[in-house]
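The values are calculated or read from the model by the stated rules, or taken from the named source; none is laboratory data. Predicted model only: the values in this text are computed from it and were never measured. Virtual Cβ from ideal backbone geometry, glycine too; neighbours counted across all protein chains shown. Heads up: the accessible areas ignore ligands, DNA and RNA and are worked out on the full protein's heavy atoms, side chains in. Shrake-Rupley method; radii C 1.70, N 1.55, O 1.52, S 1.80 Å.
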Amino acid sequence: MKMDEVSLAYRAAEMYYINEMNQEEIAIELGLSRSKVSRLLTSARRLGMVKIELVGPESFDLSSLEREIVEKYAIREAHVVASIKGTDKEIKQRIALSFQKNLTKLLEGKRYIGLGWGTTVYEAVMSLPDNLARFPEMKIIPLLGGLGQSEKTYQINNIVEKMAGSLGATPIFLAAPAIFNNQEQLKIMKQVQSVQTAIAEWSNLEAVIFGLGAPAGMSAVLDSNLPGDMILELVRKHAVGDIVSRFMGKSGEIVCQNIEEVLLGIPFNDMLKVPERICLSGGEHKVDGIRAALSRGYITTLFTDIRTAQMLVTQQEVRG
């Protein structure tokens, strides 16, 4: 390759990679054809003039975005993860990795940990290594009963058992469903000794870990045996998400409060008294719910993805 061609290749590469001009603009500027510009750019890469480095999402510096969330919503910590494809599955996997990395620090010195269910929490807990840490005096306690007969992400006792195993902690089981057909059934279940034992632990909680569900119409809770009139109320009031099956309006107010008549779960006001409230949730469809929960002080530590975090700090609305 002649020296003048080398110089021309360098100039084309500089315009393309540094000045961010497209190939057509470069062709006009240099008086060349687009195909010639393309060949020059190829030569520039072949000669080592251009070096491209890919940085994995786990290496992104998202600290400034995390600080913005902490300051805007006055929470203790925010952990933001980057994703390449932005798919729901990938977001959950990235959150799970961040959760694993930070978990022992978050739980250090604590003995009573409450755990909720859901797809993100399930992904995060089930991906924990078997011997992540040793907390022999710690108890992992369900925040509510299970949901459904076959959906693994809502089988709370399995999730509790896995997390306890990873931390060398003691699992406390709640052998009961989360939602009952009526108030009388719930009352009878609360009289069972094993259920009373689990419920008694709620007053000791020092940290809780939970997900934040999808808006009404997308929530798995609505596929349970929740009474039809309550489902209609949630849809009518445009519930934007739920925390331990307490659904929120866009301003964070709890809607459909009569769900307490059929729900076996920690009283919401009692959960808000727990010093550390860790939420794992991401995806654009959950932005309104996360924002509502943050604004009301329901969350003290948030694990989420970069796109959701950006929408939270810019007050960008969810489309659709």
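Couple of notes before you dig in:
- Within region 46-61, considering residues that are at pLDDT below 70, open to solvent by 100 Å² or more (accessible area, probe 1.4 Å) and in a loop (DSSP other than H, G, I, E, B), the one farthest from Gln93 (Cα to Cα): Glu53
- Taking the listed residues Ile188, Ile141, the one that is within 24 Å of Leu107 (Cα to Cα), out of contact with any Lys or Arg (no Cβ under 7 Å at 6 or more places or on another chain) and modelled with pLDDT of 95 or more is Ile141, with no other qualifying.
- Every test in (1) in contact (Cβ under 8 Å) with a residue 40 or more places away in the chain; (2) farther than 30 Å from Thr197 by Cβ is passed by Ile243 save one, and that test is (2).
- Annotation note: of Ser64, Ser35, Ser83, the sole residue that is at pLDDT below 95, open to solvent by less than 60 Å² (accessible area, probe 1.4 Å) and more than 27 Å from Ile141 (Cα to Cα) is Ser83.
- Long-range neighbours under 6 Å by Cβ, at least six apart or interchain, first residue at positive phi and open to solvent by less than 90 Å² (accessible area, probe 1.4 Å) within region 9-25, second assigned to a helix (DSSP H, G or I) and modelled with pLDDT under 90: none
- Residue in region 239-249 that is more than 23 Å from Leu280 (Cα to Cα) and acidic (Asp, Glu) present: no
- Of the residues in region 160-180, none is in contact with a Pro (Cβ under 8 Å, 6 or more places away or on another chain) and under 20 Å from Met230 (Cβ atoms).
- Residue list for region 148-177, filter: among the acidic types (Asp, Glu) and more than 15 Å from Thr119 (Cα to Cα): Glu161
- Where a residue in region 128-143 is more than 12 Å from Met163 (Cβ to Cβ) and without any contact (Cβ under 8 Å) to a residue 60 or more places away in the chain and its partner, wherever it lies, is surrounded by fewer than 21 Cβ atoms within 10 Å (Cβ to Cβ) and not aliphatic (A, V, I, L, M), with Cβ under 6 Å and at least six apart: Arg134/Gly168; Pro136/Gly168; Glu137/Arg111
- Verdict on Ile254 being under 28 Å from Leu97 (Cα atoms) and of a type in the set (A, V, I, L, M): no
- Ile95 vs. criteria open to solvent by less than 70 Å² (accessible area, probe 1.4 Å), at pLDDT 95 or above and more than 30 Å from Gln155 (Cβ to Cβ): no
- Leading residue by the ranking (least open to solvent (accessible area, probe 1.4 Å)) among those in region 117-142 that are among the charged types (D, E, K, R) and over 20 Å from Ile266 (Cα atoms): Glu123
- Those strands (runs of 3 or more DSSP E) lying entirely in region 234-320 with at least 2 residues crowded, with 20+ Cβ neighbours inside 10 Å and among the polar types (S, T, N, Q): none
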